[in-house]
Amino acid sequence: MKLDIKSIAILVLLGACILFFGMWFFKGSDTKERIKELEKQVSSIQTKRDSLELSNKNLAIEFDKKQKDIEDRDNKIKSIESDILKVKQELNYANIRVREGQKELAETKKKIEDLRKNPIKREDDDLINSLKEKLNK
C-alpha cells in the first residue's frame with residue numbers, strides 16, 4: 001500500500017477523531033458524577049416537597065376545624081344576641097305593664113282617699129238598687 005498525502009491526511013484526521021472521541025468519552029465520567037449529584041438533590045427536594053405537602057394537608061385540616069369552631073361560636077353569639085333582644089323586649093313590655101299598674105294603683109288610692117273624705121250617701125231606693133247591683137255581680 002502506497003502512502004500518499006491523501007492517505008496520510010485521512011489517517012491523521014481519523015486518528016484525531018479517535019483521540020477527540022476518546023477524550024470526550026472518558027471526560028464524560030465527570031458529567032456522570034454531576035448527574036448523580038443532581039439526581040440526589042432532586043430526590044432530596046422531592047422528599048422535602050412530599051413532607052411539605054403532608055404538612056400543608058394537615059394544616060388545611062386543622063384550619064378547617066378552626067374555621068368550623070369559629071362559625072359555631074358565631075352562630076352561638078347570634079343566638080345569644082337574639083335571646084338578649086327578646087329578653088329586652090319582654091323587659092320593656094313588663095316595665096310598661098308595671099307603670100300602667102302603678103298608675104292604676106295611684107288612681108285607686110286616690111279614689112279610696114276621695115271616698116274616705118267624701119263618702120257616697122245613698123238613701124232608700126238608691127241604697128237598695130246599689131246593693132242589688134253589687135250582689136248580682
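Every number here is computed from the coordinates shown, using simple stated rules; none is lab data. Not measured: the values here are computed from a predicted model. When we count neighbours, we look across all protein chains shown, and the Cβ atoms used for this are built from the backbone with ideal geometry, even at glycine.
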Those lysines that a straight Cα-Cα span of less than 16 Å connects to Lys109, excepting residues fewer than 8 apart in one chain: Lys117
Highest-MSF residue in the chain out of Glu39, Glu113, Glu90 [GNM, Cα springs under 10 Å]: Glu113
Expected 222 nm ellipticity per residue - DSSP helices of 4 or more, -39500 (n - 2.57), all of the chain, to 500: -35000 deg cm²/dmol
Rounded Å value of the spacing that divides the Cα centres of the stretch 94-137 and the stretch 72-89: 45 Å
Kirkwood hydrodynamic radius of the stretch 47-137, from inverse mean 1/r over distinct Cα pairs, in Å: 20.7 Å
Spatially proximal lysines relative to Lys103 (Cα-Cα < 20 Å; intrachain offsets below 8 disregarded): Lys111
Electrostatic dipole magnitude of the chain [Cβ: Lys, Arg +1; Asp, Glu -1; Cα centre; debye, to 20]: 220 debye
Reachable aspartates and glutamates, given that their alpha-carbon falls under 17 Å from the alpha-carbon of Lys134 and they are not under 8 places away in the same chain: Glu123, Asp124, Asp125, Asp126
